[in-house]
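Chemist: Here's a structure for you.
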Amino acid sequence: MNLAVDSPWSLAGLALALLPLVRQGMRLTPNAYLSMLPPDPVSTAVSVSLRLIAMAAIIGLVLGMAGLHRTEQSIERIGHGAHIVILLDRSNSMDDSFAGRAPNGTEESKSAAARRLLADFVAQRKTDLIGVAEYSTAPLFVIPLTENRHAVQAAIAATATPALAYTHVGKGLGMALSFFQNQPATGSRIVLLVSDGAAAIEPDSEQKLREWFKQQNVRLYWIFLRTANSPGIFEKPSDPRDDNAQAMPELYLHKFFSGLGNAYKAYEAESPNALKEAIDDISRLENLPLHYLERMPRQDLSDGCYLLSAVLIFILSAAKFCEVRDLS
């Protein structure tokens, strides 16, 4: 039960629970010699019950004063889902619409569409552990892996902060992978990368990311929010001179991801509807059995102890009121 008290010294008062065994608490009335009368099991049962009720009332009061509570505990749950880290790109271009301009009253920015649809995605995933991170010039930790849906929704809403100029996807992926450290491998693990661009990753960082993806056994989904008339992640360069990571960073980042050795899938979304379809597809794919620990917060039991004692004291008071008085 994981029970504990705030004031252990108060438990010394439990010795008072023995008093009803010494004193009955009811008025004694002189009577004639009763040994000749047959046994009265009802009266015996009432007497014993009143003593036990008095003992329980004292115990309840003492436990209430001691601050009885159930400590925080973890309960193993079994559901369907995954450990998911949502990694959001927060570069300046994410605040533009899919048409590549500042949104007006009829358009939605890419970042706003991503927040709205990811919030719906989180609401549908009842048993996932979800964490949130974002990146631009540097990675930003938002919330660790948790089953608390309200906290995750608040974390996604908090990514509406002003964006920065650059995109450093390598550092962002490194932070996302760090979420899985010291986490039990009880289900599928995925990083959901949502970005509208890419940048070259240094060779040293590429090697580290390969090792981390393999060690953590993480699958990667990349939803590329493609701006109108911009190069896609599947396009081949028409000019051989442009076939390099500096000229086509999205294509080369896709090639790097494809060679990680882990499950990887990329999506191109050119509108909010396409983004929704990509998220829905990921939701269908990641629905495997999942074991996870749900944290149960501390539960105060002192109020229940006081309430129980009050009810028992009321019963004792009613019994006292009903006792026979000698009017002679």
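Each value in this text was obtained by applying a stated rule to the coordinates, not by laboratory testing. All figures in this text were calculated on a predicted structure; none of them were measured in a lab. We place every Cβ from the backbone using ideal geometry, glycine too, and count neighbours over all the protein chains shown.
Chemist: Pull out a ≥ b ≥ c, the square roots of the eigenvalues of the alpha-carbon gyration tensor of the stretch 74-294, then state rounded if a/c is under 1.5, prolate if not and a/b is larger than b/c, and oblate in the remaining case.
Modeler: Taking the square roots of the gyration eigenvalues as a ≥ b ≥ c, the stretch 74-294 is oblate.
Chemist: A further question follows. Please give, to one decimal in nm, the separation of the simple spin-label points placed at Thr161 and Gln246, each 7 Å out from Cα toward the Cβ.
Modeler: Going by the 7 Å Cα→Cβ label model, 3.3 nm.
Chemist: Separate question: Considering only Cα-Cα distances, which of the following residue pairs are longer than 29 Å: Lys126/Lys208; Lys126/Lys255; Lys126/Lys236; Lys126/Lys276; Lys208/Lys276?
Modeler: From Lys126/Lys208; Lys126/Lys255; Lys126/Lys236; Lys126/Lys276; Lys208/Lys276, over 29 Å: Lys126/Lys208; Lys126/Lys255; Lys126/Lys236; Lys208/Lys276.
Chemist: Can you compute the FRET efficiency between Ala228 and Ala112 using 1/(1 + (r/R0)^6), with r the Cβ-Cβ distance and R0 = 25 Å? Round to the nearest 0.05.
Modeler: Efficiency for this residue pair is about 0.90.
Chemist: At a Förster radius of 25 Å, what calculated FRET efficiency corresponds to the Cβ-Cβ distance of Glu270 and Gln124, to the nearest 0.05?
Modeler: Given R0 = 25 Å and the Cβ-Cβ separation, E is 0.60.
Chemist: Identify the trypsin sites (Lys or Arg not before Pro) of the stretch 56-105 meeting these criteria: DSSP loop state and at most 13 other C-beta atoms within 10 Å of the C-beta.
Modeler: Answer in residue order: Arg101.
Chemist: Sorted from fewest to most neighbouring beta carbons within 10 Å, what does the list His83, His69 look like?
Modeler: His69, His83
Chemist: Another question, if that's okay. For Thr167, Thr106, what ranking results if the residue with the fewest other Cβ atoms within 10 Å of its Cβ goes first?
Modeler: In increasing order of surrounding Cβ atoms, one gets Thr106, Thr167.
Chemist: Moving on to the next point. How high is the relative contact order of the chain? Use alpha-carbon pairs under 8 Å, at least six apart in sequence, and give a whole percent.
Modeler: RCO, the chain: 25 percent.
Chemist: Extending each Cα 7 Å along its Cβ direction at Val46 and Arg295, get the distance between those two points in nm, one decimal.
Modeler: Label at Val46, label at Arg295, 5.4 nm between them.
Chemist: Would you order Leu117, Leu307 from fewest to most other beta-carbon atoms within 10 Å of each residue's own beta-carbon?
Modeler: By the 10 Å Cβ count, ascending, the order reads Leu307, Leu117.
Chemist: A further question on this structure: About its Cα centre, what dipole magnitude does the chain give when the only charges are +1 on Lys and Arg Cβ and -1 on Asp and Glu Cβ, stated in debye to the nearest 20?
Modeler: The calculation lands at about 1140 debye.
Chemist: Moving on to the next point. Among Met248, Val194, Gln215, which residue has its Cα furthest toward the positive end of the charge dipole of the chain, with +1 on Lys/Arg Cβ and -1 on Asp/Glu Cβ?
Modeler: Selected residue: Gln215.
Chemist: Give the angle, between 0 and 90 degrees and rounded to the nearest 10, that separates the Cα long axis of helix 169-178 from the longest principal axis of the Cα atoms of the chain.
Modeler: Orientation of helix 169-178: about 30 degrees from the principal axis.
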